[in-house]
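> After the structure tokens below, expect a handful of questions from me.
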């Protein structure tokens, strides 16, 4: 039985608690965060929540589901012992964990929202550890949640996180712009839903550069100019032009 302490109170901590609490051979013995917040409605009844790090229970594995900037400090406050300490960050090195511990990374590559259920069977886990036995431990736990388990180094993970920002955060901002343009012209945003789904599904079956469409790749200068004239928001206009030029450069055409 692997005894686990989850440290943190945010979305990642909450979803991991919910996912791990019913797994065989896993026992979440405690949850710690500075405000003593429960990670789920079920937690108070069966788990001890503490707000004083000096009251940390002994465990085999401590999962730091906290902000990147807090990893070094919080890991230094965990008492030294025969245990593994992992963080869940996509952009922070394994070396950010205090070296008095055995160290690892347990990174679920997903965007977590507070009230949206997460199907962990579809979530990739990116793992790293300094010792083979520790890697085997977190690999066993991750595999009980998802079939998508990868050994990824800190350097690879940093660039993976950059790629994830482009794929998720930046694309979502594009959806935000599209919605604002629709709202300003009394167009229901739901009209674009099938197109968004088709674009995402196509990116999973074809290399994205092979499925690029639109006026930029066609070098349709008249349409591009018309679009720029129609866009009233200065920031939106700037983004349209930058992305158009990037597509043109990628595919060897010039505006």
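> If only one of 116, 179 is assigned by TED's automatic domain parsing to the domain that holds residue 101 and either modelled with pLDDT under 95 or in a helix (DSSP H, G or I) (or both), which one is it?
116
> Out of 92, 74, 105, report the one residue that is assigned to a strand (DSSP E or B), crowded, with 19+ Cβ neighbours inside 10 Å, modelled with pLDDT of 90 or more and assigned by TED's automatic domain parsing to the domain that holds residue 137.
105
> So which pairs qualify, if the first residue must be in the stretch 34-54 and closer than 24 Å to residue 118 by Cβ, the second must be at pLDDT below 70, the Cβ gap must be under 7 Å, and the two must be at least 6 apart or on different chains?
Listed by first residue and then by second, the contacts come to 38/44; 49/43.
The values are calculated or read from the model by the stated rules, or taken from the named source; none is laboratory data. All figures in this text were calculated on a predicted structure; none of them were measured in a lab. Don't worry about glycine lacking a Cβ; one is built from the backbone with ideal geometry, like all the others, and counts go over all protein chains shown.
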